[in-house]
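The values are calculated or read from the model by the stated rules, or taken from the named source; none is laboratory data. Just so it is clear, the model here is predicted, and its values are computed rather than measured. Reconstructed Cβ throughout: ideal geometry from the backbone, glycine too, with neighbour counts over all protein chains shown.
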Amino acid sequence: MNWPWLKTRGTPLTPRQLERRGQLPGAPALEDRPLAEERLVVLDLETSGLNMRRDVVLSIGAVVIERGAIDFAQQFERTLNRPGQKVGPSVLIHGIAPSELETGSEPAEALLDFMAFVGDSPLLAFHAEFDRRMLRRALRHSLDYRLRHPFLDVAQLAPMLCPDVRPGKGTLDDWARHFRLQVSQRHHASADAMVTAEIALILFSRARRQGADSLTSLARRLETWRRRERGGLI
Amino acid sequence: MSKTDAFAEAGKTAVLQNIHGTMEFLRKYPPFNQMESAHLAFLVEHCQLRFYAAGDAIIKPDDGPVEHFYIVKQGRVCGERPHSARRGTETTFEIAAGECFPMAALIGERATRTEHRAAEDTFCLLLDKTAFVRLFAISGPLRDFALRGVSSLLDQVNQQVQLRAVESLGAQYSLNTRLDALALQRPVHCARELPVNQAVKTMHEQHVGSIVIVDDALHPLGIFTLRDLRRAIADGECDLTQPIANLMTENPFHLPPDATAFDAAMAMTERHIAHVCVVEKGQLRGVLSERDLFSLQRVDLVHLARTIRNAGRISTLAALRSEIRQLVDNMLAHGASSTQITHIITLLNDHTVCRVIELAIEALGDPGVPFTWLCFGSEGRREQTLLTDQDNGIMFEANDAAEAAMIRGRLLPLAQRINQDLAACGFTLCKGGIMAGNPELCLSRQEWTRRFRGFVRESTPEHLLGCTIYFDLRAVWGPADGCEKLRLALIAEIQENSLFQRSMVENALRQRPPVGRFRDFVVARKGAVKDTLDLKVQGLTPFVDGARLLALAHGIETCNTLERLRQLVASRIIEEKDGAAYEEAYQFIQQMRMQQHQHQARLGQPMTNRLDPDTLNHLDRRILRESFRQAQRLQASLTLRYQL
């Protein structure tokens, strides 16, 4: 594959950045150990829009679930330097001012920091596929790095583990409201990551009771669940 | 959100959003609302957030020493311990959002004594012990909160009370000071052979008002005071060369070193003495004088009691009432507990009653028959506050109905005069007519016994109400043995009659503590008392009724509620932990009630027992709610015990 327009967009990496990229750990495989022994990174991205080909990542928020709890000491919060972003409708949603974007971190640095923060931990997100693809594109573009970390989708785990309820349209807001969670500031990447992590903790507690106390068994069950859902739709 | 607002909001957060959000949450609750931002940020940054599904155990006694400081972020945690009477567990307390636990265990570096369980789906913030210890060292508000929490929430309230009550006193002394902590002077003592004039010389040289006569092993044999000297000279005992032993008061009253200043003050007031020996293992350790106590407490209880006993006129007694109020104010300021204060009020009231009776006899002449002045209700239980009315009666001995009627005729005018004089002294006349001047309450012992038996055998609503007043009886003036016989007969009657016990339980359960199922207070919905609850009827009565019932049913003779609870614990009828919890709760409600009375009196308002819980601060509200919950538990245990 040789897509010149991709390569030309990225700024060349400095030797230090290349070195850091080389030190990033490889992608983990899902393990069969109890959830309480995992380190998981829960992330949320704010983007310039919902178009996965054209829009870019504006900010990254992430929290860590380790030994079964959200660890406040490990948090990631970074706004990326995206000059020339137009004040479009999505600005009103993510609330990040163009001025703030201009003072943000250089994307390659921010992404290197983030991937170092992630390490070899599996990732969790609400509507994970969107975050996975946005992040993958950003990493490829800015770092020429291929993201292979496994993602689990909280938006799918929730209805799978709580089959009796269907809160609203199943959005993050709907589930947060269902579990009566407080969101300190909605549409802020960190706050959304936090509430996603809180939902995940509740779901893990359910999963344990349902005998699915590992990432592998959750992933297996998700696959079956997805097939059934798709089947149901057809 | 408008565009400009969105821009204004963005970029403001220098602190990480989630740290900031959690700090904002904590700032709504004590002690976090008093902590410095940097300390609070340190706390949050070192926290983890953990989820517990409803029913999950959070910490258990067998987990070993507590490793974390927990703050409920969302949901509800309850404390559970094995049920005392049946299988299963009972909830002892509840912890809501913003509250923290288990302070005592954490500070004490031990395991928790109560299992903490999630009562519903709950998130807790956990701060590990190392971080807690660091924070504890740097944050004053947290330290204060934690240390106060250890010796129970009530101490916090006491601190507030002491601050609020007359601040100008500024004294650090407490009535709870142990006698051996009072730095007693070396006691002045002598041998029994010492001539009186030598002894007086020694007292003069040492600037003391008393000398203790001891044997070789320092065992106190007697005490000689300046008052004894005055009396000796007045009596014409002028031989001052005779041995001091001839004039001393033998077997002087003494207390152990671990008794408190309060005990000493009470003893002096009760016994009309000005000196108390402190004796340890039979040996004299010190002497405490009324003057020591006064300079210590600035509470001139003993003097006030003496003034009452020597008052020559009803108007003097009436004037002394305001001094009693002031005394209570001072005592609250000195950290006296509600029990101590009600005890003192009762004692001073007893003195007033006795003096009123003596003055009435002087005025109307001796009726020529011995009689006992009885009191009932809160006075009988020694639980009087400043808001009190008369509940009294007379008992005398008579051989038959005719003689009883005759004696009654002689005593009634005196009794009515006493009732009126007491009213003049500030004891409101009883609206229900429970007063000695009422012929139905001026009875011979046989008549009283018959009357009480009627209450027990036939439980009409009127009789049951009567039980709650009359069965807390006590002799205030006159021979007390008749009253004791009456009480014993009553207890025997009740112990045999389980039907009566059950109807007393039903009666006791009618007054429900004013807490709702959803953890808040139940207040009156309309009328002049809208939005208020009654601290006495709804808060104290469940304890008083419950303790009375259990005490009478188990042959416990004392009338005081706390004393009843203690004896019930000692007889293993209620569990020690329960007894302690009831006691704390009862004292807190009583204390809140008295503070309200003092406050109202200071403002010249009529005193009431009704309180709007919304006027309380967060802490008082929480403790009051817990106290009412203890009343609920007591009632629940009665229901269970009598299978209602």
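Just give me the residues in the stretch A:183-234 being buried (at least 17 other Cβ atoms within 10 Å of the Cβ) and at positive phi, in sequence order.
A:H187
Mind listing whichever residues of the stretch B:554-573 are crowded, with 21+ Cβ neighbours inside 10 Å and either over 18 Å from the mean Cα position of the chain (by Cα) or within 15 Å of B:N609 (Cβ to Cβ) (or both)?
Listed by number, the list holds a single entry, B:I556.
For the stretch B:291-309, name all the residues that are modelled with pLDDT of 75 or more and among the charged types (D, E, K, R).
Correct list: B:R306, B:R309.
When the residues of the stretch B:32-44 are filtered to those that are within 11 Å of another protein chain (Cβ to nearest Cβ) and buried (at least 20 other Cβ atoms within 10 Å of the Cβ), which remaining residue is farthest from B:E120 (Cα to Cα)?
Result: B:L43.
Residues to consider are B:A404, B:A423; find the one that is part of a helix (DSSP H, G or I), farther than 30 Å from B:Q587 by Cα and either in contact with a strand residue (DSSP E or B) (Cβ under 7 Å, 6 or more places away or on another chain) or at pLDDT 90 or above (or both). Can you show your working first?
On the way: B:A423 fails: farther than 30 Å from B:Q587 by Cα.
The match here is B:A404.
This table checks each residue for (1) touching a helix residue (DSSP H, G or I) at 6+ places or on another chain (Cβ under 8 Å); (2) within 30 Å of B:T352 (Cβ to Cβ); (3) surrounded by fewer than 19 Cβ atoms within 10 Å (Cβ to Cβ).
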position: B:S210; (1), (2), (3): yes, yes, no
position: B:R230; (1), (2), (3): no, yes, yes
position: B:M248; (1), (2), (3): yes, no, no
position: B:T260; (1), (2), (3): yes, yes, yes
position: B:E270; (1), (2), (3): yes, yes, yes
position: B:L284; (1), (2), (3): no, no, no
position: B:R291; (1), (2), (3): no, yes, yes
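Residue-wise test of (1) assigned to a strand (DSSP E or B); (2) closer than 30 Å to A:Q23 by Cα; (3) at pLDDT below 95; (4) not charged (D, E, K, R).
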residue: A:E198; (1), (2), (3), (4): no, no, no, no
residue: A:A219; (1), (2), (3), (4): no, yes, yes, yes
residue: A:L222; (1), (2), (3), (4): no, no, yes, yes
residue: A:R226; (1), (2), (3), (4): no, no, yes, no
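Closer than 24 Å to A:E66 by Cβ and either within 14 Å of chain B (Cβ to nearest Cβ) or free of Cβ contacts under 8 Å to residues at least 24 places away in the same chain (or both): is that true of A:G170 in this structure? Quick ask: steps written out before the conclusion?
Values: closer than 24 Å to A:E66 by Cβ: no; either within 14 Å of chain B (Cβ to nearest Cβ) or free of Cβ contacts under 8 Å to residues at least 24 places away in the same chain (or both): yes.
Spelling it out, it is not the case that A:G170 is closer than 24 Å to A:E66 by Cβ and either within 14 Å of chain B (Cβ to nearest Cβ) or free of Cβ contacts under 8 Å to residues at least 24 places away in the same chain (or both).
Report, by residue number, each residue of the stretch A:18-29 that is under 15 Å from A:F117 (Cα atoms) and not in a loop (DSSP other than H, G, I, E, B).
Within the stretch A:18-29, the subset under 15 Å from A:F117 (Cα atoms) is A:20-28.
Matches in the stretch A:18-29: A:R20, A:R21, A:G22, A:Q23.
Could you check the stretch A:157-182 and list, in sequence order, the residues that are surrounded by 19 or more Cβ atoms within 10 Å (Cβ to Cβ) and in a helix (DSSP H, G or I)?
Within the stretch A:157-182, A:L157, A:A158, A:M160, A:L161, A:L172, A:W175, A:A176 meet the criteria.
Quick check: anything in the stretch B:516-532 touching a strand residue (DSSP E or B) at 6+ places or on another chain (Cβ under 8 Å), surrounded by fewer than 23 Cβ atoms within 10 Å (Cβ to Cβ) and either on the phi > 0 side of the Ramachandran plot or outside any loop (DSSP other than H, G, I, E, B) (or both)?
From the stretch B:516-532, those touching a strand residue (DSSP E or B) at 6+ places or on another chain (Cβ under 8 Å) are B:519, B:521-524, B:529, B:532; that's our starting set.
Restricting the remaining residues to those that are surrounded by fewer than 23 Cβ atoms within 10 Å (Cβ to Cβ) gives B:519, B:521-524, B:529, B:532.
Adding the requirement that they be either on the phi > 0 side of the Ramachandran plot or outside any loop (DSSP other than H, G, I, E, B) (or both) leaves B:519, B:521.
Yes, that holds for at least one residue.
If a residue has to be under 16 Å from A:H127 (Cβ atoms) and in contact with a strand residue (DSSP E or B) (Cβ under 9 Å, 6 or more places away or on another chain) to count, how many in the stretch A:200-216 make the cut? Show your work before the answer.
Initial filter on the stretch A:200-216 (under 16 Å from A:H127 (Cβ atoms)): A:200, A:203.
Still in the running and in contact with a strand residue (DSSP E or B) (Cβ under 9 Å, 6 or more places away or on another chain): A:200.
The total comes to 1.
Those residues that are buried (at least 17 other Cβ atoms within 10 Å of the Cβ), farther than 24 Å from B:E358 by Cα and not β-branched (V, I, T), I need them from the stretch B:474-493; list them, please. Show your work before the answer.
We begin by selecting, within the stretch B:474-493, every residue buried (at least 17 other Cβ atoms within 10 Å of the Cβ); these are B:474-478, B:482-483, B:486-487, B:490-491, B:493.
Add one more test, that the residue is farther than 24 Å from B:E358 by Cα, and what stays is B:486-487, B:490-491, B:493.
Across the stretch B:474-493, the qualifying residues are B:L486, B:R487, B:L490, B:E493.
Can we say A:P107 is without any contact (Cβ under 8 Å) to a residue 60 or more places away in the chain and either buried (at least 20 other Cβ atoms within 10 Å of the Cβ) or closer than 25 Å to A:F72 by Cβ (or both)? Break it down into steps so the answer makes sense when it comes.
On the way: without any contact (Cβ under 8 Å) to a residue 60 or more places away in the chain: yes; either buried (at least 20 other Cβ atoms within 10 Å of the Cβ) or closer than 25 Å to A:F72 by Cβ (or both): yes.
Here the answer is yes, as A:P107 does meet what is asked.
Just to be sure before I move on: is B:E99 modelled with pLDDT of 75 or more, acidic (D, E) and closer than 22 Å to B:E24 by Cα in the structure I sent? Spell out how you get there, then give the answer.
Details: modelled with pLDDT of 75 or more: yes; acidic (D, E): yes; closer than 22 Å to B:E24 by Cα: yes.
The answer is yes for B:E99.
In the stretch B:325-384, what residues are over 19 Å from the mean Cα position of the chain (by Cα), part of a loop (DSSP other than H, G, I, E, B) and charged (D, E, K, R)? Quick ask: steps written out before the conclusion?
First, the residues of the stretch B:325-384 that are over 19 Å from the mean Cα position of the chain (by Cα): B:351-375.
Okay, now just the ones that are also part of a loop (DSSP other than H, G, I, E, B), so B:365-371.
Correct list: B:D366 only.
Name the single residue, out of those in the stretch B:110-136 being over 25 Å from A:S205 (Cβ atoms) and under 35 Å from the mean Cα position of the chain (by Cα), that is modelled with the highest pLDDT.
Within the stretch B:110-136, the match that is modelled with the highest pLDDT is B:F136.
In the stretch B:482-514, what residues are of a type in the set (A, V, I, L, M, F, W, C) and touching a strand residue (DSSP E or B) at 6+ places or on another chain (Cβ under 6 Å)? Give the derivation first.
Initially, the stretch B:482-514 is screened for residues of a type in the set (A, V, I, L, M, F, W, C), giving B:483, B:486, B:488-492, B:494, B:499-500, B:504-505, B:508-509.
Within the stretch B:482-514, just B:C483 meets the criteria.
Which residue out of B:T225, B:T316 is in the same structural domain as B:P187 (by TED's automatic domain parsing) and polar (S, T, N, Q)? Write out each step before concluding.
Working: B:T316 fails: in the same structural domain as B:P187 (by TED's automatic domain parsing).
On inspection, the qualifying residue turns out to be B:T225.
Within the stretch B:2-31, restricting attention to residues that are at pLDDT 80 or above, part of a helix (DSSP H, G or I) and more than 8 Å from every other protein chain (Cβ to nearest Cβ), which residue is nearest to A:Q74 (Cα to Cα)? So that I can check it myself, show each step before the final result.
Step one: list which residues in the stretch B:2-31 are at pLDDT 80 or above, which gives B:16-31.
Filter again for part of a helix (DSSP H, G or I), leaving B:17-26.
Then drop every residue that is not more than 8 Å from every other protein chain (Cβ to nearest Cβ), which leaves B:23, B:26.
Values: B:M23: 16, B:L26: 20 Å.
Of everything passing the filter in the stretch B:2-31, B:M23 is nearest to A:Q74 (Cα to Cα).
Based on this model, can you work out whether B:G149 counts as modelled with pLDDT under 70, among the small types (G, A, S) and surrounded by 16 or more Cβ atoms within 10 Å (Cβ to Cβ)?
Details: modelled with pLDDT under 70: yes; among the small types (G, A, S): yes; surrounded by 16 or more Cβ atoms within 10 Å (Cβ to Cβ): yes.
Against the criterion (modelled with pLDDT under 70, among the small types (G, A, S) and surrounded by 16 or more Cβ atoms within 10 Å (Cβ to Cβ)), B:G149 qualifies.
Please determine whether any residue of the stretch B:65-83 is modelled with pLDDT of 90 or more, more than 27 Å from B:Q632 (Cβ to Cβ) and surrounded by fewer than 16 Cβ atoms within 10 Å (Cβ to Cβ).
Within the stretch B:65-83, one or more residues are modelled with pLDDT of 90 or more, more than 27 Å from B:Q632 (Cβ to Cβ) and surrounded by fewer than 16 Cβ atoms within 10 Å (Cβ to Cβ).
Of the residues B:A415, B:A424, which single one is surrounded by fewer than 19 Cβ atoms within 10 Å (Cβ to Cβ) and within 22 Å of B:E379 (Cβ to Cβ)? First the steps, then the outcome.
Numbers: B:A415 fails: surrounded by fewer than 19 Cβ atoms within 10 Å (Cβ to Cβ).
Among B:A415, B:A424, only B:A424 is surrounded by fewer than 19 Cβ atoms within 10 Å (Cβ to Cβ) and within 22 Å of B:E379 (Cβ to Cβ).
Based on what the data block shows, is B:E462 farther than 19 Å from B:T541 by Cβ and not aromatic (F, W, Y)? Explain how you work it out, then say what you get.
Details: farther than 19 Å from B:T541 by Cβ: no; not aromatic (F, W, Y): yes.
Answer is no for this residue.
Residue under question is A:H187, and the condition is that it be modelled with pLDDT under 95, in a helix (DSSP H, G or I) and of a type outside the set (S, T, N, Q); does it hold? Walk me through how you get there before you give the answer.
On the way: modelled with pLDDT under 95: yes; in a helix (DSSP H, G or I): no; of a type outside the set (S, T, N, Q): yes.
No.
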